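Chemist: Here it is, the structure, as structure tokens.
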Amino acid sequence: MGGTVLLTGAAGFVGSHLTDRLVREGYRVIAVDNCSTGSWDNLAHWDNHPQVQKIQHDVITPLAVTEPLDWVMHFASPASPPKYLGLPLATLRVNSEGTYHLLELARQQGAQFFLASTSEIYGDPLEHPQREDYWGHVNCTGPRSVYDEAKRYAEAITLAFHRQYGLAVRIIRIFNTHGPRMDPDDGRVVTNFIQQALRGEPLTIYGDGSQTRSFQYIDDLIEGIVRLMGVNYPYPVNLGNPEELTVLALAQVIQELTGTQSPIHFCPLPQDDPKQRRPDITLARTKLDWYPRVDLRTGLRHTIADLQRRC
């Protein structure tokens, strides 16, 4: 590998880990972020490094890049419900206008384009587990649509560029991911539970806790991304852990790992919260020889230790 990558969302949780891996693979990374939800602190270890250039920019407006690019990788977007519900128009625009501008940049540069999409495009799924050919069950006007529909549009315009211009593209659908550098206040279930446990507060479960999720560790996700870069396949690929557990079971694991005496508190379920979420990763196994290798407890231990250190 090697070359130059323009990576948006580089100061975020996933983007900063991807920057680390790309640099280790020999790439020069132009790291772009407006820091609305990310932080340059996540990339402080690359300050003044010749392989990393940081640019503060909102990709809703075009970004002028004159040097040759090998990849344009679009990972910019608020991604947790409290963040995208708090930034609804910005979320819609970074995934619509932002995706268009970056696709145009890739086309002009003759670069390959990589889109970070999400399992949220499946909505509250009626098919389980979710395969890439499932069209989803999404409330297109509900509160979460600012993220769900924005990502569905981003996938559609990415494949339109591929079909009309022959642009080489990759698309991943990311399922729940945890690990070091998560925003402690991102409102995701893992960080909520860990923060509450460490503070001795009740662990808040929305609904009765029977809804299911699957959780992968950040290193596994990054490995899948890098493997897909080397495969000429333009259609969406699920990257997630097919091992499913209830939200209540997750809370109990975090109680165990943190040693907290915090009780569990049940609250009303938010609108359109999915009842079940688990990827079918047959395609990733077939195309990439990829599957998650880090077990849940090991990954959560690393995540807990990082949050303890930073908070």
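The values are calculated or read from the model by the stated rules, or taken from the named source; none is laboratory data. Here the structure is a predicted model, which means the values were calculated and not measured. Note that we place each Cβ from the backbone using ideal geometry, even for glycine, and neighbour counts take in every protein chain shown. Heads up: the accessible areas ignore ligands, DNA and RNA and are worked out on the full protein's heavy atoms, side chains in. Shrake-Rupley method; radii C 1.70, N 1.55, O 1.52, S 1.80 Å.
Chemist: What number of residues within segment 107-122 satisfy the criterion of being out of contact with any Asp or Glu (no Cβ under 7 Å at 6 or more places or on another chain), part of a helix (DSSP H, G or I) and either in contact (Cβ under 8 Å) with a residue 40 or more places away in the chain or among the β-branched types (Val, Ile, Thr) (or both)?
Modeler: Qualifying residue count for the region: 4.
Chemist: Name the pairs: first residue in segment 49-72 and over 12 Å from Ala106 (Cβ atoms), second residue surrounded by 14 or more Cβ atoms within 10 Å (Cβ to Cβ) and of a type in the set (Lys, Arg), Cβ to Cβ under 8 Å, at least 6 apart or on different chains?
Modeler: Pro50/Arg28; Gln51/Arg28; Val52/Arg28; Gln53/Arg28; Ile60/Arg93
Chemist: What are the residues in segment 169-213 that are in contact with a Pro (Cβ under 7 Å, 6 or more places away or on another chain), of a type in the set (Phe, Trp, Tyr) and open to solvent by less than 30 Å² (accessible area, probe 1.4 Å), if any?
Modeler: If the condition is that a residue be in contact with a Pro (Cβ under 7 Å, 6 or more places away or on another chain), of a type in the set (Phe, Trp, Tyr) and open to solvent by less than 30 Å² (accessible area, probe 1.4 Å), then Phe175 is the only one that fits.
Chemist: Any residue in segment 179-199 that is outside any helix (DSSP H, G or I) and farther than 23 Å from Thr37 by Cα? Please lay out each step first, then the result.
Modeler: Taking segment 179-199 first, the residues outside any helix (DSSP H, G or I) are 179-188.
Those left that are additionally farther than 23 Å from Thr37 by Cα: none.
No, segment 179-199 contains no residue that is outside any helix (DSSP H, G or I) and farther than 23 Å from Thr37 by Cα.
Chemist: Can I ask one more? For Gly224, indicate whether it is open to solvent by less than 10 Å² (accessible area, probe 1.4 Å), in a loop (DSSP other than H, G, I, E, B) and not basic (Lys, Arg). Talk me through it step by step, then tell me what you get.
Modeler: Numbers: open to solvent by less than 10 Å² (accessible area, probe 1.4 Å): yes; in a loop (DSSP other than H, G, I, E, B): no; not basic (Lys, Arg): yes.
Answer is no for this residue.
Chemist: Scan segment 238-291 for residues that are in a loop (DSSP other than H, G, I, E, B) and closer than 22 Å to Leu126 by Cα and report the count. Step through it out loud before you land on a result.
Modeler: If we filter segment 238-291 for residues that are in a loop (DSSP other than H, G, I, E, B), which is where we start, we get 240-243, 259-263, 268-278, 280-281, 289-291.
After this cut, where a residue has to be closer than 22 Å to Leu126 by Cα as well, the list is 240-243, 268-278, 280-281.
Summing the residues that are in a loop (DSSP other than H, G, I, E, B) and closer than 22 Å to Leu126 by Cα in segment 238-291 gives 17.
Chemist: Sticking with this structure for a sec: Quickly run through segment 279-311 and pick out the residues that are polar (S, T, N, Q) and either open to solvent by 80 Å² or more (accessible area, probe 1.4 Å) or over 20 Å from Thr191 (Cα atoms) (or both). First the steps, then the outcome.
Modeler: First, pick out the residues of segment 279-311 that are polar (S, T, N, Q): 282, 286, 298, 303, 308.
Thr282, Thr286, Gln308 - these are the residues of segment 279-311 that are polar (S, T, N, Q) and either open to solvent by 80 Å² or more (accessible area, probe 1.4 Å) or over 20 Å from Thr191 (Cα atoms) (or both).
Chemist: So, one more: Which residue pairs have Cβ atoms under 6 Å apart, sit 6 or more places apart or on different chains, and have a first residue in segment 131-147 that is at negative phi and a second that is open to solvent by less than 40 Å² (accessible area, probe 1.4 Å) and in a loop (DSSP other than H, G, I, E, B)?
Modeler: Pairs found: Arg131/Asp280; His137/Asp124; His137/Pro125.
Chemist: Same structure, new question: Among the candidates Pro82, Pro88, which residue alone is more than 20 Å from Ile171 (Cβ to Cβ) and modelled with pLDDT of 95 or more?
Modeler: Working: Pro82 fails: modelled with pLDDT of 95 or more.
Checking each option against the conditions leaves just Pro88.
Chemist: Given Glu67, Glu104, which one is out of contact with any helix residue (DSSP H, G or I) (no Cβ under 6 Å at 6 or more places or on another chain) and either at positive phi or assigned to a loop (DSSP other than H, G, I, E, B) (or both)?
Modeler: Details: Glu104 fails: either at positive phi or assigned to a loop (DSSP other than H, G, I, E, B) (or both).
Result of the check over Glu67, Glu104: Glu67.
Chemist: Go through (1) open to solvent by 30 Å² or more (accessible area, probe 1.4 Å); (2) within 22 Å of the chain's Cα centre (by Cα); (3) modelled with pLDDT of 95 or more; (4) of a type in the set (S, T, N, Q) and name the single condition Gln255 misses.
Modeler: So the condition that Gln255 fails would be (2).
Chemist: Continuing with the same structure: Output the residues belonging to segment 1-30 that are open to solvent by 10 Å² or more (accessible area, probe 1.4 Å) and touching a Leu at 6+ places or on another chain (Cβ under 6 Å).
Modeler: Thr4
Chemist: Being under 21 Å from Gly98 (Cβ atoms), open to solvent by 20 Å² or more (accessible area, probe 1.4 Å), out of contact with any Pro (no Cβ under 9 Å at 6 or more places or on another chain) and of a type outside the set (Asp, Glu) narrows it down to one of Thr37, Thr61, so name that one. Spell out how you get there, then give the answer.
Modeler: Numbers: Thr37 fails: out of contact with any Pro (no Cβ under 9 Å at 6 or more places or on another chain).
Just a single option satisfies the conditions, and that option is Thr61.
Chemist: Please work out which one of (1) without any contact (Cβ under 8 Å) to a residue 40 or more places away in the chain; (2) open to solvent by 20 Å² or more (accessible area, probe 1.4 Å); (3) within 17 Å of the chain's Cα centre (by Cα) is the condition Glu127 fails and give its number.
Modeler: Tallying (1) without any contact (Cβ under 8 Å) to a residue 40 or more places away in the chain; (2) open to solvent by 20 Å² or more (accessible area, probe 1.4 Å); (3) within 17 Å of the chain's Cα centre (by Cα), Glu127 fails exactly one: (3).
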